[in-house]
Structure formats: structure tokens, C-alpha cells
Amino acid sequence: MIPFDLSRWFRRRMLPLVIAAAGILLVAAPLSYHLAKRRELWQEARARAVHVGAALRGEIELRPLLWRYDMPKLTERLAAEGLLGVPRLVIHDADGVAVPLDVGPERPVRGLIWGRAEVVALGRHAATVWVGADAAPLWHGTAVLAAVFAVLAVSLGAVLYLLPMRAIGTAQRRIRVLLGQLALTLQEEDRRRIARDLHDGAGQALTAARLRLLALERRVGPGEEIADLARLLDEAIAELRRSAYALAPPALEELGLVRALERHCEAFATATGLQVQREIDPHLGRLPPTVETACYRIVQEALSNIVRHAGARRAWVRLARDSNWLRLSIHDDGRAPPAPAEGQGLPGIRERARLLGGTTSLTILPGQGLRLEVRLPVEPL
Ligand SMILES: Nc1ncnc2c1ncn2[C@@H]1O[C@H](COP(=O)(O)OP(=O)(O)OP(=O)(O)O)[C@@H](O)[C@H]1O
Ligand SMILES: [Mg+2]
């Protein structure tokens, strides 16, 4: 009906975008926080390393050879000055040999953020100092932020995806119904045109022939052959009227669904001898023309099926509105085959209902005939 599935098309294009947007949101903020904070920690560690380096330079200049054996004193002093805070300090001498300290490992180890300073004393490179900052709070902060942003990203993704998807689903359903209504309107338009052509073409020709036969009868006097011809012409005219009427029932437009159905059921009962019980809500009012026509056609076909196939004595036609749905039910007290064959009538009923966004169901009531139920939306979906 619709050339392509809008929802699927949209899903295929939208999903990667939403995932990308949510992914960027999820990663960008925690990553920026992590990088900025890491840089801050590194700068702090570096500043401390520079301070420690300055203190160390003093020691080296005082005791150029013995300084490396007096480290506990230096670290104590630094700690007292608040320069170490946590004891993570590494000092290498000019040869890259670790100076033994009781406040840190022998070399910068992974898991800490190390700030470095070179110490120049007595005119040459004398030592390298590293001060380590604890990275655990940084990781903890990043993890908390990532968790918060994960929730945000999922919520935003859901909103970005579900809202348009819902709107598209509704639009697609409406388009389907509108296209269905259009198809039915065109179909009815065609039927009306055929009925008009029958009436104005073959109908007028037959009526003209009947009038000329009358004139002939007046001229030559009554006769058996003329009477036969007149009877045949009358039958043809009546048959043509019936066909034109069935193709485009004028009652529906003029009277509205409720009265047109009442009238059809009565006429049908009189013509076929089937008792048709009606429970048609008299307060239905006017409904969309496509819905009225569909209902009328469905009742026409269902009643005609009952007479042709069910061998029933009675039939029931019920029509009522239940909020936005029109419920039509037709059943009979005849014999229903266990699996009804498919002609054109039942598929036609299903197609009409489907085009209008409605549903049909056929139930075989054991020993009680067949029940056809149709639900049609009255308002556009
Ligand atoms: N009320 C009914 N009671 C018993 N059988 C039924 C009834 N309505 C339909 N059927 C069965 O379902 C079959 C299909 O019905 P359908 O209206 O599709 O085709 P059809 O009436 O045979 O032919 P047409 O195309 O002229 O309508 C019928 O042939 C009949 O066997
Ligand atoms: Mg039929």
C-alpha cells in the first residue's frame, strides 16, 4: 500500500545517529574531565617535584658527595613543609641510580601520575626528582561521571529515537488508512460510473425499444409475439435496474447508513424470505462515507452469502459504535462448512476492512451457522 515501510526506513537511518550521539555524550564528558584532571594532577606533581628539586639542590651544594646518604632527613623536612603529602618520591642521581628513600619506590611505577624535575647543582646535572600523585580518586571520579552520563545518554537516546518513531508509526498508520480510503473511494466512483453508463446507455436503449414496441402494438394490435418481446424487455430493464442499484445504491447517500441498511434488510427479507433481525443503533449519525459504504457492502455480501450458502431461516445484523470503532456483526442459523472456500465475497470484505485500518473475524458457531464480525475505525487512526 505504502511504497516502503517508513518506520523501517527511519529506523535504519536514525538508529546509527542516535547511537553515535549517545556514544559521544557518554564518552565526551567523562573523557574531558579525566584529561583535564589528569593534567591538573600532573602539574601539581611537577610543581612539587620542582620544590623538592630546589631543596635537593641546596643539600647537594652543601654536601656534594654525602647528600645521597642523608635522604631521610631531607624527606622529613619536605614532609614537614607539606611538599610531599603522600610519600611518593623517587630520586635518581646523575648516573640514574636510585637514591634509597623510605617514601617511595625505586623508579616511577605505573598507576601514579608522576611529575618530574631535573636538579642542576654546582653547574652540572646532579639528580632527577619524581613526585607521584595518586590516580585512584581520578579514576573513581571518572567512573562516577561515566555512570551518570551513561544514564543520561540512554535516556537521551531513548527520547531521540522513540519520540520520532512513535510519530512516524502514527503517521504511517494514518497514511495507510487514507490510502485505503482513497482506494475505496475510487472503487465506488468507478461503480457509480458503470451504474450511470448502464442506466444512460443500455437502460435508455432498452426503454426506447420498449416504447417503440408499445407503439407497434398500438398500430398492429396485440399479439403473442409482441407480448413475449415486451415481457423479455421488461425483465431486461428490471435486471439492469437491479444491477445499477447494486453497483451504486442511491439510498446510502440520501438516507445515511442506518436507514439505508434498514431498507436493504427489509427489501432483502421480502425478496428472499429470509428473516433478517436488525439491531442497528439508531443514533449512529453520519459516518465517513468510506466507512458507510464499506458497512453497506459488507452487509450486502454477507446476506447474499447466507441465502446462497447457509440454507438459513434467520439472520441477525448488528451495528453499534464502541468509542472510535464501529462494530458490525452478521450471523445466521444455517449450516456453515468447517472450512469455508474462498470466493470473491469474503476476501473482498477482508480487503475493505483492511484498507480502512479495521479487522474481520469469521467464526463457525457449531449448529448455529456462521458469524462474521467486522471492526472499522471511525476516526482516522
Ligand atoms: N453464511 C454462510 N454460511 C455458510 N457458508 C458460507 C457463508 N458465507 C460464506 N460461506 C462459504 O464461504 C465460501 C466463500 O464465500 P465468498 O463470499 O467468498 O464466495 P462465494 O459466495 O462462493 O462467491 P462470490 O465470489 O460470488 O461471493 C462460500 O462458497 C461458502 O461455502
Ligand atoms: Mg459471496
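The values are calculated or read from the model by the stated rules, or taken from the named source; none is laboratory data. Keep in mind that what you see is a predicted model, and the values were worked out from it rather than measured. Note: ideal-geometry Cβ built from the backbone for every residue, glycine included; neighbour counts use all protein chains shown. The area values use the complete protein model at the heavy-atom level, side chains included, leaving out ligands, DNA and RNA. Shrake-Rupley method; radii C 1.70, N 1.55, O 1.52, S 1.80 Å.
With +1 on each Lys and Arg Cβ and -1 on each Asp and Glu Cβ, how big is the dipole of segment 194-238 about its Cα centre, in debye rounded to the nearest 20?
Details: 6 positive and 8 negative charges, 46 e Å.
Around 220 debye, computed over segment 194-238.
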**Request:** Normalising by the residue count of segment 249-377, find the relative contact order in percent from Cα pairs under 8 Å and 6+ residues apart.
**Result:** 22
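What 222 nm value per residue comes from the helices of the chain, counting each DSSP H run with n ≥ 4 as -39,500 (n - 2.57) and dividing by all residues, nearest 500 deg cm²/dmol?
On the way: 9 runs with 220 residues, N = 381.
Theoretical 222 nm ellipticity from helices: -20500 deg cm²/dmol.
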**Fill in**
Everything considered on the Cα gyration tensor (a ≥ b ≥ c; rounded for a/c under 1.5, else prolate if a/b is larger than b/c, else oblate), segment 194-238 must be described as oblate
**Prompt:** In terms of modelled amide H atoms, which long-range or inter-chain residues lie less than 5 Å from the amide H of Trp325?
**Reply:** Val378
**Prompt:** Taking H as built 1.01 Å from N, whose amide H comes closer than 5 Å to the amide H of Val99, not counting residues under 5 places away?
**Reply:** Ile91, His92, Asp93
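Between Ala80 and Gln344, what length in nm is gained on full extension when 0.36 nm per residue of separation is reduced by their alpha carbon distance? Could the numbers behind the result be given before it?
Numbers: separation 264, 0.36 × 264 = 95.04 nm, distance 9.98 nm.
The Ala80-Gln344 span can extend by a further 85.1 nm.
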**Message:** Normalised by the empirical 2.2 N^0.38 Å for globular proteins, what value does the Cα Rg of segment 249-377 take?
**Reply:** 0.99
**Message:** Using each residue's phi in segment 321-327, evaluate 6.51 cos²θ - 1.76 cosθ + 1.60 at θ = phi - 60° and report the 3J(HN,Hα) Karplus result to the nearest Hz, with x for Gly and Pro.
**Reply:** 9, 10, 6, 8, 10, 9, 10
**Prompt:** Working out 0.36 nm times the residue gap between Glu217 and Leu178, then minus their Cα-Cα distance, what length gain in nm do you get to one decimal?
**Reply:** 8.5 nm
**Request:** Among DSSP beta bridges lying fully in the chain, give the percent that are antiparallel, nearest 5.
**Result:** 85
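Express the relative contact order of segment 105-161 as a whole percentage, based on alpha carbon pairs under 8 Å and six or more residues apart in sequence.
26
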**Message:** I need the semi-axes of the equivalent ellipsoid of the chain: take the C-alpha gyration tensor, multiply each eigenvalue by 5, square-root it, list largest first in whole angstrom.
**Reply:** 101, 21, 15
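Round to a whole number: what % of the accessible area of segment 6-139 belongs to carbon and sulfur, probe 1.4 Å?
Numbers: 4840 of 7960 Å².
Here carbon and sulfur together make up 61 percent of the probe-accessible area.
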**Gain upon complete extension [Tyr69, Ser304; 0.36 nm per residue less C-alpha separation]** = 73.1 nm
**Message:** From the phi angles alone, apply the Karplus equation (6.51, -1.76, 1.60; θ = phi - 60°) to segment 141-147 and give each ³J(HN,Hα) in whole Hz, x where the residue is Gly or Pro.
**Reply:** x, 5, 5, 4, 4, 4, 5
**Prompt:** Taking θ as phi - 60°, what are the ³J(HN,Hα) couplings along segment 191-207 by the Karplus curve (6.51, -1.76, 1.60), each to the nearest whole Hz, with x for Gly and Pro?
**Reply:** 4, 5, 5, 5, 4, 4, 4, 4, 5, 7, x, 4, x, 5, 5, 5, 5
**Request:** Might you tell me the accessible area per residue for segment 6-139, computed with a 1.4 Å probe and given in Å²?
**Result:** 59
